[in-house]
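Here is the structure we will look at.
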Amino acid sequence: KICESSGETLVSCEGECCSVFHMECLGLKLMPEEKFICTECKNGEHTCFSCKLPGKDVKRCSVSTCGKFYHEACVRKFATALFESRGFRCPQHCCTACSVDKDIHKASKGRMVRCFRCPIAYHSGDGCIAAGSLFLSSHILICSNHSKRNHSSSAVNVGFCFVCARGGKLLCCESCPASFHPECLNIEMPEGCWNCNDCKAGKKLRYKQIVWVKLGNYWWPAEICNPRSVPLNIQGLKHDIGDFPVFFFGSHDYYWVHQGRVFPYVEGDKSFAEGQTSINKTFKKALEEAAKRFQELKAQRESKEALEIERNSRKPPPYKHIKSNKVIGKVQIQVADLSEIPRCNCKPSDENPCGLESECLNRMLQYECHPQVCPAGERCQNQCFTKRLYPDAEIIKTDRRGWGLRTKRSIKKGEFVNEYVGELIDEEECRLRIKRAHENSVTNFYMLTVTKDRIIDAGPKGNYSRFMNHSCNPNCETQKWTVNGDIRVGLFALCDIPAGMELTFNYNLDCLGNGRTECHCGAENCSGFLGVRPKTAFATANEEKVKNAKLKQKKRKIKTEQKQMHEDNCFQCGDGGELVMCDKKDCPKAYHLLCLNLTQPPFGKWECPWHQCDVCSNPAVSFCEFCPHSFCKDHEKGALVASALDGHLCCSAHD
């Protein structure tokens, strides 16, 4: 830990830091006979591995063999850090390169090579490790971020914009040769030092990458080589951390360079050959060799990716199987006192006490019986959540919907199928995870709302229920039950389900994160998208009637004997969540309290703003189909126009 060198006479700290030291670096002549604990562990003041400042407010990585400490603010700066109920896994357990490439599933798997000086880690092998890193051992390195070179004066920038390929007044990156017109990036010319987005994100050059290198007066195509693969005389040339050898095409020479003189070659690239009337034969040969080698490496990479995709298709992506919800952050699991748990009226002598076809009051009210309270005692059949009485099911691969869940035995209508379990998070953590998922191009979400500030995320941890697909005509449904004082989500059969049938439920926008995702359920009433209400005969029969009514600007009034259904999205902002429903007959609109500028739900019968004129608040007769704007007879003239969407009326707020 002190001199960064290996050796045979190393003594290990048996405290929390897991560090090792040379005896001479500690000033010891003999190996300590008793348990050795370093000064930091004795004092309880560890140094933050990120900012290098000591203190008692640092927290240890939850991985038992890690021993790295961080300030919470420091570790949260890294997208590769993973926060769990017991703490956090530090960035050294996730590949930085895979994270930058948005390959989030691969990032935390496999053997890691870790930087000795900072929270950076890579998968072992040339595919991920940043060029210019210095190996101290097979699993420890000093990454290229620790170059002794002054980056603010080392970059040699190109004379053209990387976006439009033209010259002019350019904004130059301080760490690599990239140059841009500020207007091409839609930014003002910044003052002081500036780094491009790739450098800010930590994107590094890697071995076996084709690049352009500035040497002397020329930009020349070359391949970045692993130092171990170049001739010994080249390995012996003077170089520092951050420097890496390149093999020049055409001339077949080697040279040590750094990131400030190199930028990636792209397919068909002839950046520095354009406009030249006579191209040097060696340079022309270099362009041909670079293009050929680029295609070879591309074919190797695609072949490797195809093999990995084929291998991954044999089993589902990894997740941790858990039996009950795991709390993350501030969320708490409620536990009721025995005196508060309702007692049903079933008897032990009943044929099926508290069973599916019984008249158990608790079952009717979606309360699970408690074994110490229920009169039926051990014969009680309303303890499916607690006893985890799930019918046997298996994970299957579907045609167009990824992985699914199939029952192995027949299931009766109303029978308990499974509990939806995962990490129990609050709304703030939920939004943070969705944002992180979008940044990493993750498209599969497993988040399901329990209450406004309690969301189950079955992505990283869950049970077989996480594999159940959406269907517009499902055979299961979600129900919120109270179990020992806490609200839990169960999946129950909507109909008799034969053995071998896939289990599905309607996500119904109760599941967060899907956005507008195409639906492939194959049901006759399929809506086409997740979260959109399935088609019904009622909607089809009235489609033409509604269209004509809107075009004539008549008051919308559709009589139906069906139960009034409300929309799943807020009519103001278009998002789902906790909504307030309009009580006016035949009005399907719903709103967020915030969108109504309310702090509490309105008391009594409530009509939404869509039914009052925007100008005078009198009853409206003309309605915008895309927002709550509406107008009375006196103010409707010119306020609405027919839109291109089937002639539906819209106000001036819409194009």
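The values are calculated or read from the model by the stated rules, or taken from the named source; none is laboratory data. In this text, all values refer to a predicted model and were calculated from it rather than measured experimentally. Cβ sites come from the backbone with ideal geometry, for glycine too, and all protein chains shown count toward neighbours. To get the accessible areas, we keep the full protein, side chains included, count just its heavy atoms, and leave off ligands, DNA and RNA. Shrake-Rupley method; radii C 1.70, N 1.55, O 1.52, S 1.80 Å.
Structural remarks
- Per-residue [θ]222 nm for the chain (sum of -39500 (n - 2.57) over DSSP H runs n ≥ 4, rounded to 500): -4000 deg cm²/dmol
- FRET efficiency estimate (nearest 0.05) - Cβ-Cβ, Ser124 to Phe529, R0 45 angstrom: 0.60
- Cross-link table Lys208/Lys298; Lys208/Lys284; Lys68/Lys326; Lys315/Lys397; Lys59/Lys204; Lys106/Lys315, entries beyond 18 Å C-alpha to C-alpha: Lys208/Lys284; Lys68/Lys326; Lys59/Lys204
- Within the chain, DSSP assigns beta bridges of which about 90% are antiparallel (rounded to the nearest 5).
- Whole-Å distance, taken between Cα centres, linking segment 1-36 and segment 375-444: 49
- Separation of the Val335 and Asp399 label points, Cα + 7 Å toward Cβ, nm: 5.0
- The chain - percent relative contact order, Cα under 8 Å, separation 6 or more: 6
- Packing around the peptides 491-497, 28-34, 384-390, taken as the average count of other Cβ atoms within 10 Å per residue, puts them in this order, highest first: 491-497, 384-390, 28-34.
- The listed peptides 435-441, 205-211, ordered by packing as a protection proxy, come out as 205-211, 435-441 (highest mean of other Cβ atoms within 10 Å first).
- Label-reachable residues, segment 480-503, where backbone N falls under 19 Å from a point 7 Å from Ser85's Cα toward its Cβ: 481-490
- Spin-label model, Gln372 to Thr65: label points 7 Å out along the Cα-to-beta-carbon direction sit 4.2 nm apart.
- For segment 320-537: rounded, prolate or oblate by the Cα gyration tensor [a/c cutoff 1.5]: oblate
- Sorted peptide list for 11-23, 227-239, 126-138, criterion being average Cβ within 10 angstrom, highest first: 126-138, 11-23, 227-239
- The convex hull drawn around the Cα atoms of segment 6-149, when projected onto a plane and averaged over every direction, covers 10.1 nm².
- Neighbour cut-off at most 14 other Cβ (10 Å), DSSP loop, GluC sites (Glu not before Pro), segment 131-213: Glu188, Glu191
- FRET E, pair Glu4, Lys637, Förster distance 60 Å, beta-carbon r, rounded to 0.05: 0.15
- In range of the label at Met501: residues from segment 408-427 whose backbone nitrogen is under 12 Å from the point 7 Å along Cα→Cβ: 408-415
- Only protein atoms count toward the accessible area here, which uses a 1.4 Å probe; on the chain, the carbon and sulfur part of that area reaches 50 percent.
- Shape of segment 306-353, Cα gyration tensor, a/c cut at 1.5: oblate
- Cross-link partners of Lys109 among aspartates and glutamates (Cα-Cα below 15 Å; sequence separation of 8 or more within a chain): Asp101, Glu308
- Rounded accessible area per residue of the chain, 1.4 Å, Å²: 57
- Residue separation of Ala644 and Arg388 scaled by 0.36 nm, minus their Cα-Cα distance, works out to 86.9 nm of gained length.
- Extending 7 Å from the Cα toward the beta-carbon at both Ser138 and Lys285 defines two label points whose distance is 4.1 nm.
- Shape class for the chain, computed from the alpha carbon gyration tensor (a ≥ b ≥ c): oblate, with a/c not under 1.5 and a/b at or below b/c.
- Given R0 = 25 Å, the distance between the Cβ atoms of Ala299 and Ser229 translates into a calculated FRET efficiency of 0.80.
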